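Okay, structure first, notes after.
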Amino acid sequence: MRRHCSCHCPVCRASRNVCSPFCSLYIPHPCVCPPGPPGAAATVTIGTVTTGAPGTPAEVTNSGTAQNAVLNFTIPQGLPGTSQPVSLVSSYSTPPQPGASGTPITFDRNALSLGTDISHTSGSDTFTINQPGVYSVEFHGVITPTANNTFPVNINTSLEVNGSVQPGASVPFTFQNATQSSEVSFTVPISVTDVPTTLQVAPFGGNYLADAVSMTVTRLGNS
């Protein structure tokens, strides 16, 4: 039912269409309407949440009413990612091997070889990187000085990249006699931009005996 508003001059009490600025008692005034009855409160609830196909748009539908909404969501699944194939070479040597200062250690067996980014021939002292990228090099071995050294002798076991010692990949040890041994290990990342790149591990400073040696080169990704 239509409600009537009170719209009149608060001084002369005349309705707006009578009272005007020509009235000496005119005061600008608003129309005052009484409040209507309270309305029903609206509600919003969550209905279903569905996973959509990858690449489809997200969607929200209302299965309820305008007053009482029930919202149903369809959220698309993410597109599957692409995983980079594992590429590594892991090699080791079983018999102890003597070497002079600066002579690279030989790895006579390949335990595992995946991909073509890194290559190593059994019985060789050289790993070759064939693809630019970032690589991890892990080495472990036991170094013992031979008796023909002058003691004390400091032997520094280092990773060489293209014939140059890689910073952060050297482990020194000072031996007091030929009965001492030192476990040597390091893990270092290297960035390769030019290929082929060669990797070798060589003890410097004295003649040595290398035992229980292993080395794993793994490609981590692009530079």
Residue list for region 94-103, filter: assigned to a loop (DSSP other than H, G, I, E, B) and surrounded by fewer than 17 Cβ atoms within 10 Å (Cβ to Cβ): 94, 95, 96, 100, 101, 102
Residues (surrounded by 15 or more Cβ atoms within 10 Å (Cβ to Cβ) and assigned to a strand (DSSP E or B)) located in region 177-197: 182, 184, 186, 188, 190, 192, 197
Options 62, 110, 72, 68; residue that is surrounded by 15 or more Cβ atoms within 10 Å (Cβ to Cβ) and not assigned by TED's automatic domain parsing to the domain that holds residue 184: 72
Residue tally, condition of a type in the set (A, V, I, L, M), within 12 Å of residue 206 (Cβ to Cβ) and touching a Ser or Thr at 6+ places or on another chain (Cβ under 6 Å), over region 128-178: 1
Qualifying positions in region 118-133 - under 25 Å from the mean Cα position of the chain (by Cα) and closer than 13 Å to residue 216 by Cα: 118, 129
Hits in region 206-223 (condition: buried (at least 18 other Cβ atoms within 10 Å of the Cβ) and within 24 Å of residue 189 (Cβ to Cβ)): 210, 213, 215, 216, 217, 218, 219
Selection count, region 93-127, where residues are in contact with a Gly (Cβ under 9 Å, 6 or more places away or on another chain) and over 16 Å from residue 202 (Cβ atoms): 3
Exclusive hit being in the same structural domain as residue 122 (by TED's automatic domain parsing) and in contact with a Pro (Cβ under 9 Å, 6 or more places away or on another chain), set 166, 200: 200
Enumeration of residues in region 135-152 that are small (Gly, Ala, Ser) and either touching a strand residue (DSSP E or B) at 6+ places or on another chain (Cβ under 8 Å) or crowded, with 18+ Cβ neighbours inside 10 Å (or both): 136, 141
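The values are calculated or read from the model by the stated rules, or taken from the named source; none is laboratory data. For clarity, every value in this text was computed on a predicted model and none was experimentally measured. Counting neighbours? That spans all protein chains shown, and the Cβs are built from the backbone with ideal geometry, glycine included.
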